[in-house]
Structure formats: C-alpha cells, structure tokens
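> Here it is, the structure in full.
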Amino acid sequence: FTMTDSHVQPADAPTRALSLTGASNFRDLGGYIGQDGRPVRWRTLFRSDHLAALTADDQAALARLGLARAFDFRGVHERAASAYELPGVTLHALPIEPTVVQRMKDLLVAGRALTPQQTVALMQETYRAFVNDNAAAFAALFEHLLASDAPLVFHCTAGKDRTGFAAALILLALGVPRPVVMQDYLLTNELLRMDSAPAYGIPPEVMQVLWRVQAEFLDAALHAVDTDHGGVDAYLQRELGLSPVALRQLATLYLQR
C-alpha cells in the first residue's frame, strides 16, 4: 500500500502527511477504519518527529489545525537539548529514555564492530522493552486521550519507534486491523528525512537500519503483547488500565459518529 492507495484513503480525504519545513514525519492518524466500520476522526490525532525545529509558518499551520496538546516521549537529555514551546499548546513530558543509541555508542567505545543484523536485534529488544518496561508512559497518554478530544500530537525524536508503538496502540485500541496498523507504522520510511539523522560515528549501513523502520521491529512488540500479556485486549486492560468502558469512550471520542 502507498499513501495514495484508495483502500486506505478516499480521494477527498485530507492529506495524511503534513508538509512542514521543520518536521518531516508529522502525520494524521485519521481515516483508518476502526470498530463497527467507523473511521478514525481526521485532524485530531497526530504523530510526529520532534518539534524543536518548526518554523513560524509551521507553527501557524499547527495553530490553524487547532492543535492544543503535545505529548513528548523524548528522554530528559533529548528534551533539554532540543526544547520547544508552541503558542497555545500545552506540553506534557512522558519520558521514555532512548537505549539503542547509547548501547551502540558503548559497543563502539568498546571497539566492537556493529552490523546491521545486530542493530535489528537491538531494535527488536527496544520494542519488547516498550511493552514490558514503558507501559506507564503509554498508560499516561491514554489517560490524556480519555480526558478530552482536543487535537493533539505525540512525538519522540524521529517519530518512528516510541511514537510508532504509541500510534499502533491507539489504532489497535480503536479497532483498526493489524495489517493497516503496520502500514501506518511503515509510512515513516516514505517521510522521515535521513538528513535529520545525527551521525554519532555510527557506520552508514547501520544508520540505514537505525533511521528507518522495519516490520520486524513492531512485530517484536506485538509478539510480546501476545505471548507475555495474552493479546492486545488483555494488555490494554491490565497494563494500560483501559477497561471495556474506557475503550468504548475512546471510540466515542476518536471515531467518526
């Protein structure tokens, strides 16, 4: 599927990806078909890479969308290094510390060669950790989602891993089928600009793995949800605190009537 595929998006639907100068991976979760055949509302749920490089025009575009809330999954140092403020937008920090780059730096410092295969395995480990170690941050996001349906964006640094898993959880909670969730996840590869990747002294073939997404990454997380937690519904209920009533409320707020 591509972004223009008619199965995913009717021709008259709003654009999924927003063309901003200072963020390349800012996009809308609207239009995907959730439970009872109801599409996710457009222009309400956005996912993005970090927002510290937005231009005045970008900020004006977001103001026109009525964006009211931003949820930042970046770790403490990441956030401090690229802080931002958006007029009229309430910022919420939901930190998930980045582990992959640090582990890679440690390996490089130790003189170890990094291979793309090792990097895939590290990424899969990271995604399993989202499921098992970072549930509190995702639970907090859902609490905010349930408190109001004011337009919001959630993001990390590249908007692909922490953000990608959060987007998958939201879409799954709204009843969007897994293949479509995966398709949304993989759109990062069409949008995220490699030129925004920090170098870290990491070999280019490894950066190619690190700065993109692969189905194997999200699959590792979903496999952990299924095998360690008894499936998506059980995970949402037990780990993220979403009762059946809360899930119905979520659908009322974010699916078209």
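> Hey, got the Cα dimensions of the chain along the principal axes, in Å, largest first?
On the principal axes, the chain reaches 57, 46, 35 Å in Cα extent.
> Now for a separate question. Heavy-atom accessible area of THR15 with all protein chains present, probe 1.4 Å, nearest 10 Å²?
Using a 1.4 Å probe on the heavy atoms, I get roughly 80 Å².
> Rounding to the nearest 20 debye, state how big the charge dipole of the chain is about its Cα centre with +1 on each Lys and Arg Cβ and -1 on each Asp and Glu Cβ.
300
> Going by Cα centres, the range 46-64 and the range 98-131 are how many Å apart?
Computed from Cα coordinates, the inter-centre distance equals 30 Å.
> List, in order, the whole-Hz ³J(HN,Hα) value for each residue of the range 232-239 obtained from phi through the Karplus relation with A = 6.51, B = -1.76, C = 1.60 and θ = phi - 60°; use x for Gly and Pro.
4, 4, 5, 5, 4, 6, 7, 8
> How charged is the neighbourhood of ARG238? Take every other residue with its Cβ under 14 Å from the Cβ of ARG238, and add Lys/Arg as +1 and Asp/Glu as -1.
Local net charge: -4.
> Once the other residues with Cβ under 11 Å from the Cβ of ARG178 are scored (Lys, Arg +1; Asp, Glu -1), what is the net sum?
Values: positive: none; negative: ASP184, ASP219, ASP226.
It works out to a net charge of -3.
> Could you please report the charge total around PHE46, scoring K, R as +1 and D, E as -1 over all other residues with beta-carbon less than 14 angstrom from its beta-carbon?
Once positives and negatives cancel, what remains is +1.
> While we're looking at this one, here's another question. Suppose we keep just the DSSP beta bridges with both residues in the chain; what percent of those would be antiparallel, to 5?
Bridges in the chain are about 30 percent antiparallel.
> Going 7 Å from the Cα of GLU85 along its beta-carbon direction, which residues of the range 130-160 have the amide nitrogen within less than 20 Å of the resulting point?
Counting only backbone N, you get 153.
> Let me ask another. Equivalent ellipsoid semi-axes for the range 172-257, as square roots of 5 times the alpha carbon gyration tensor eigenvalues: give them largest first, rounded to whole Å.
Over the Cα atoms of the range 172-257, the ellipsoid semi-axes are 32, 17, 11 Å.
> Dipole of the range 153-257, Cα-centred, from +1 at each Lys and Arg C-beta and -1 at each Asp and Glu C-beta, to the nearest 20 debye?
Values: 8 positive and 11 negative charges, 85 e Å.
Result for the range 153-257 is approximately 400 debye, rounded to the nearest 20.
> Return an integer: the convex hull volume of the alpha-carbon atoms of the range 99-246, in Å³ per residue.
Value for the range 99-246: 116 Å³ per residue.
> Probe 1.4 Å, all protein chains in place: accessible area of PHE217 in Å², nearest 10?
0
> Same structure, new question: Can you tell me the length gained on complete extension of the stretch VAL109 to TRP42, counting 0.36 nm per residue apart and subtracting the Cα distance?
19.5 nm
> Continuing with the same structure: Multiply the residue gap between ARG248 and ALA215 by 0.36 nm, knock off their C-alpha separation, and tell me the result in nm, one decimal place. Walk me through the numbers on the way to the answer.
Numbers: separation 33, 0.36 × 33 = 11.88 nm, distance 2.87 nm.
Result: 9.0 nm gained on full extension.
> To continue, here is another question. What residue among GLY230, GLY30, GLY159 has the largest mean-square fluctuation in a Gaussian network model of the chain, using Cα springs under 10 Å?
The residue that fluctuates most here is GLY230.
The values are calculated or read from the model by the stated rules, or taken from the named source; none is laboratory data. What you see is a predicted model; the values in this text were computed from it and never measured. Neighbour counts run over all protein chains shown; Cβ positions are idealised from the backbone, glycine included. Protein only, heavy atoms only, side chains kept; ligands, DNA and RNA dropped before computing areas. Shrake-Rupley method; radii C 1.70, N 1.55, O 1.52, S 1.80 Å.
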